[in-house]
Amino acid sequence: QVQLVESGGGLVQAGGSLRLSCAASGSIFSINAMGWYRQAPGKQRELVARITRGGSTNYADSVKGRFTISRDNAKNTVYLQMNSLKPEDTAVYYCNADGVVTTPLHVLDYWGQGTQVTVSS
């Protein structure tokens, strides 16, 4: 059983910063990639940022230059530093881990429960 536990969401004024964390726990051998997605009311879930085990990253165009994703492979933890936040960043942010290899052997994808980020204007 693998669990992803997110933390760090909250309410912030426009222009402010927040840092999200997501820790994966369980019988994990390795994780291919970890990322953050978000879903605003009435909209589809979208990729915010993703980082591979080797450190390659990709970002949504809307957050480039403002958000930074990082990862601690030893702790199976991914972070999202969000700066210069805008009201349009308001959403529930979900952590994702894909290509999770566990013991006994399974390779699956997992999602966190989500954390609310609200940016006031």
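Here segment 43-77 and segment 85-112 have alpha carbon centers that stand 11 Å from each other.
Sequence-distant contacts, meaning Cα pairs under 8 Å at least 6 residues apart, place the relative contact order of segment 17-103 at 44 percent.
By its C-alpha gyration tensor, with a ≥ b ≥ c as the square roots of the eigenvalues, how is segment 15-121 shaped: rounded for a/c under 1.5, else prolate for a/b larger than b/c, else oblate? It is prolate, given that a/c is not under 1.5 and a/b is the larger ratio. Excluding ligands, DNA and RNA, the accessible surface per residue across the chain is 52 Å² with a 1.4 Å probe. Quick one: pull the percent of accessible area on segment 81-121 belonging to carbon and sulfur, 1.4 Å probe, ligands and nucleic acids left out. Here it works out to 57 percent. For a straight C-alpha distance cut-off of 17 angstrom, the aspartates and glutamates reachable from K75 (same-chain residues fewer than eight places away being disregarded) are E6, D98.
The values are calculated or read from the model by the stated rules, or taken from the named source; none is laboratory data. From a predicted model like this one, the values you see are computed outputs, not experimental measurements. Protein only, heavy atoms only, side chains kept; ligands, DNA and RNA dropped before computing areas. Shrake-Rupley method; radii C 1.70, N 1.55, O 1.52, S 1.80 Å.
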